[in-house]
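To keep things clear, I will list the structure first and then write my remarks on it.
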Amino acid sequence: MQITLLQGLGLGLVGFICKLDQQTEAFYWFRPIVVSFLAGLVLGDPALGVACGAVSELAYLGMTFVGGTVPPDPLLAGMMTVVIAYTTGQNAETALGLSYPFALLAQMLGIMINTAMVFVAHKLDDCAERADADAFMRWTFAPWFVVSALWFVLVFLCSYALQMPIQNFVATFPEWVSHGFEVAGNILPAVGLAMLMLTTLKLDTAPYLMIGFVMATFLVLPNVLPVAIVGVALAFINYLHEKKMDGIAATAASSTYLEGGDEDGI
Amino acid sequence: MASKERTKLSAKDIRDLGLWSIFLQISFSFERMQAAGFTAGMLPAFRKMVNDDPDELRRFMKYNMEFVNTEPHAGTFLQGLVLSMEESGTDQPVIEGMRNGLFGPLAGIGDSIFWFTVLPIVAGICCSLSQQGSILGPILFILLYLGVGFLRIPFGQLGYTMGTRAMEGMQEVTKYLTRGAAILGATVLGALIPSYVAINFSDACVFGLGEGTTVQSVFDALLPNILPLAVTFGIYWLIKEKHVNAVYIILAIICFGLAMSFIGWM
């Protein structure tokens, strides 16, 4: 289906609002599940937005901004998954695979912005030197709006302006290509999870990962909450154990110290 | 140090700090990371505290414009801590040491809790609702994250009331909390692999294994979900040991999906 000019502007506005939130990481409106839902509302097809949101959220679960890295943009992924599914009639998994170049484009833009912000930081140093708190606030907040406005333009161009090329491109696909994207879409979460493992997994936490894996493989679970409860229980058991060990270590250390003192005394 | 005339902050000022701290990550730059938002969030309260004294403002803005990067909720906690130490007239080197020494460990705790535990659980629950076609999925997600976002307020209050006392107990608590969060994170992560990654050979892929035996059935007999587990660990190894850029891995997965679809194995 076609995206009208008004809908294109509406999608741009969704991009603007979600980008305001993405820069603060406050209410998680930049997550695909929300972006897709809002985009679906704008396009008058909330059901499509909900379906695309679920698929793209799972794929971008591990794509975090932890440690100041910029991942492929979850915002644009959620947005373009809906846009591509809506304009081409493909299913959500295939649309997710096709949305990837757009997420990469936004990622590159994000890296460029974080680099350009270095100049703002030096401007802020000047404000600090002059003890000008008002100017400091202005220079901190202005980029917030400028960057969000950039995402308005980006989303508008990618959705409204590019819809015909995308449609024509996808229309030439044989069946195996769209199925191939679906296969890839099902494997992609592994990358996100592997990246989570980089920060959480060490040799001494690996056994817990195995417990979670076996639980989810062999039990019928509606979601991961029961696993999280087991995780909390395990963490608590470990805490009690460690505290006890530290206590023993501390007593041992202090008693040897005392003995030493006695010897010196004698 | 110059004037130590301090206006006492009210409970409302500390509550407002929680709201201002929402902007922790705006003007994010690769050079200073969150320094701009970190400083700006504390400015309204600090201006009141020092009655806009230019020397104090200059000093405060300058040392806070140094590099800082932490998890947002931990950032609010740290802002509360810095303000309470400023209010009690602690020497700047002590505050600076605390600020620069704590943001890393606090980020470790915050990231384990909010990125690696809260997000996968909330997203897991909401996506399972979405997959059933329920509009409740995204709505529940938005509501829950409204709560997570405003959690900054108690975090700011906690940092402010703990003040310098926090320094002493912090080391020990940090150790146990980091460990507990890592265990919880690893357990949930283990469950996410079979829940979100799907790799299945098609029924047409038999390799002459005999009547009714497919390649997939061989893997399933060995251990269900062994392929998702192996692939996730394989990607983890590639990123960690071989330093392969995640972007190349994702592109490789897309090519793999297309190839497998073309030859009909998946």
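The values are calculated or read from the model by the stated rules, or taken from the named source; none is laboratory data. Please read these numbers as outputs of a predicted model, since none were measured by experiment. Cβ coordinates were reconstructed from backbone atoms using ideal geometry, including for glycine residues, and neighbour counts include every protein chain displayed. In case anyone asks, the SASA skips ligands and DNA or RNA and just uses the protein heavy atoms, side chains included. Shrake-Rupley method; radii C 1.70, N 1.55, O 1.52, S 1.80 Å.
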- Mind checking which of B:Ile109, B:Ile22, B:Ile199 has the largest fluctuation in a GNM of chain B, springs on alpha carbons under 10 Å? B:Ile199
- Note on the structure: Note on the stretch B:114-138: residues buried by at least 30 Å² of accessible area once partner chains are added (vs chain on its own, 1.4 Å probe) come out as B:Trp115, B:Phe116, B:Leu119, B:Ile121, B:Ile125, B:Cys127, B:Ser130, B:Gln131, B:Ile135, B:Pro138
- Task: For every helix of n ≥ 4 consecutive DSSP H residues, a contribution of -39,500 (n - 2.57) applies; sum these over chain B, divide by its total residues, and give [θ] at 222 nm rounded to the nearest 500 deg cm²/dmol.
- Result: -22500 deg cm²/dmol
- Query: Which of the aspartates and glutamates could a cross-linker span from A:Lys123 if the Cα-Cα distance has to be under 18 Å and same-chain partners fewer than 8 positions apart are dropped?
  - Reply: A:Asp132, A:Asp134, B:Glu31, B:Glu66
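Write out the GluC sites (Glu not before Pro) in the stretch B:165-266 meeting two conditions: DSSP loop, and at most 11 other Cβ atoms within 10 Å of their Cβ.
Values: sites: B:Glu168, B:Glu172, B:Glu211, B:Glu241; in loops: B:Glu211, B:Glu241.
Listed in order of number, the matching sites are B:Glu211, B:Glu241.
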- Item | Å² of accessible area per residue within the stretch B:11-191, as computed with a 1.4 Å probe and no ligands counted | 34 Å²
- Task: Report, ordered by chain and residue number, the lysines lying within cross-link reach of B:Lys8, taken as a straight Cα distance under 19 Å and ignoring same-chain residues fewer than 8 apart.
- Result: B:Lys48
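What's the long-distance tail for the stretch B:11-191, i.e. % of Cα pairs beyond 19 Å?
On the way: 9870 of 16290 pairs.
Here the tail beyond 19 Å accounts for 61 percent of pairs.
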- Dipole magnitude of chain A about its Cα centre, charges +1 at Lys/Arg Cβ and -1 at Asp/Glu Cβ only, in debye to the nearest 20? 920 debye
- Can you give the convex hull volume of the alpha carbon atoms of the stretch A:112-266 per residue, in Å³? 292 Å³
- Task: Have a look at A:Val230, A:Val220, A:Val70 and tell me which one the Gaussian network model of chain A (Cα, springs below 10 Å) gives the largest fluctuation.
- Result: A:Val220
- Query: Taking the simple approach of a point 7 Å from Cα along Cα-to-Cβ for both B:Glu211 and B:Leu146, what is their distance in nm?
  - Reply: 6.2 nm
- Message: Just to be sure I understand the curve: with the Debye formula and one point per C-alpha of the stretch A:88-195, what is log10 I(q)/I(0) at q = 0.10, 0.16, 0.17, 0.22 Å⁻¹?
- Response: -0.49, -0.86, -0.91, -1.18
- Message: Quick check: pseudo-label points 7 Å beyond the Cα along Cα→Cβ at A:Ala116 and A:Asp204, how many nm apart are they?
- Response: 4.6 nm
- Note on the structure: Heavy-atom accessible area per residue of the stretch A:147-266, all protein chains kept, 1.4 Å probe, expressed in Å², is 55 Å²
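Calculate what fraction, in whole %, of the accessible area of the protein assembly as shown sits on carbon and sulfur atoms when a 1.4 Å probe is rolled over the protein chains. Working shown, then result.
Numbers: 15450 of 22310 Å².
Its accessible area is 69 percent carbon and sulfur atoms.
Across chain A, where is the longest run that never hits trypsin sites (Lys or Arg not before Pro) in a DSSP loop with at most 15 other C-beta atoms within 10 Å? It would help to have the intermediate numbers written out before the result.
Numbers: sites that count: A:Arg130, A:Lys202.
It works out to A:1-129.
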- Item | Electrostatic dipole magnitude of the stretch B:11-191 [Cβ: Lys, Arg +1; Asp, Glu -1; Cα centre; debye, to 20] | 400 debye
- Does chain A come out rounded, prolate or oblate by the C-alpha gyration tensor, with a ≥ b ≥ c the root eigenvalues, rounded set by a/c under 1.5 and, if not, prolate when a/b is larger than b/c and oblate if not? oblate
- So if we plug the beta-carbon distance of B:Arg15 and B:Ser88 into 1/(1 + (r/R0)^6) with R0 = 25 Å, what FRET efficiency do we get, rounded to 0.05? 0.80
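Rounded to the nearest 20 debye, what is the charge dipole size of the protein assembly as shown about its Cα centre when +1 sits on each Lys and Arg Cβ and -1 on each Asp and Glu Cβ? Write out the running numbers ahead of the final one.
Working: 26 positive and 41 negative charges, 162 e Å.
My answer is approximately 780 debye.
Which value, in square angstrom to the nearest 100, describes the accessible area buried between chains B and A on both sides, using a 1.4 angstrom probe?
9300 Å²
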- Item | Positive-end residue, chain B charge dipole about Cα centroid, Cβ charges, pick of B:Ile193, B:Leu143, B:Ser217 | B:Leu143
- Obtain the nm distance between the two label points defined at A:Phe218 and B:Lys62 by a simple spin-label model: each point lies 7 Å from its Cα along the Cα-to-C-beta direction. 6.4 nm
- Can you give me the three principal axis dimensions of the protein assembly as shown from its C-alpha atoms, in Å, biggest first? 84, 70, 39
- Dipole-positive endmost among B:Val122, B:Ala74, B:Leu158 within the stretch B:11-191 (Cβ charges, Cα centre): B:Val122
- Item | Per-residue ³J(HN,Hα) for the stretch B:247-253, Karplus 6.51 cos²θ - 1.76 cosθ + 1.60, θ = phi - 60°, Hz, x for Gly and Pro | 4, 5, 5, 4, 5, 5, 5
- Task: Could you please state, rounded to a whole Å, how far the C-alpha centre of the stretch B:11-71 is from the C-alpha centre of the stretch A:127-172?
- Result: 24 Å
- Message: Taking the alpha-carbon distance from A:Lys243 and a cut-off under 30 Å, which lysines remain once sequence neighbours fewer than 8 residues away in the same chain are dropped?
- Response: A:Lys202, B:Lys175
- Query: Can you give the mean number of other chain Cβ atoms that lie within 10 Å of the Cβ atoms in peptide A:16-29?
  - Reply: 5
- Percent of alpha carbon pairs in the stretch A:8-62 separated by more than 15 Å? 45 percent
- dims of the stretch A:154-206, Cα set, principal axes, largest to smallest, nearest Å -> 52, 30, 8
- Which one of A:Thr200, B:Pro93, A:Thr94 has its Cα pushed farthest toward the positive end of the charge dipole of the protein assembly as shown, where Lys and Arg give +1 and Asp and Glu give -1 at the Cβ? A:Thr94
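If you wrap the stretch B:198-262's Cα atoms in a convex hull and average its projection over all directions, what's the area in nm²?
Details: hull surface 20.6 nm².
Mean projected area for the stretch B:198-262: 5.1 nm², to one decimal.
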- Note on the structure: Expected max-MSF residue from A:Val227, A:Val83, A:Val170 in the GNM of chain A (alpha carbon, under 10 Å) is A:Val227
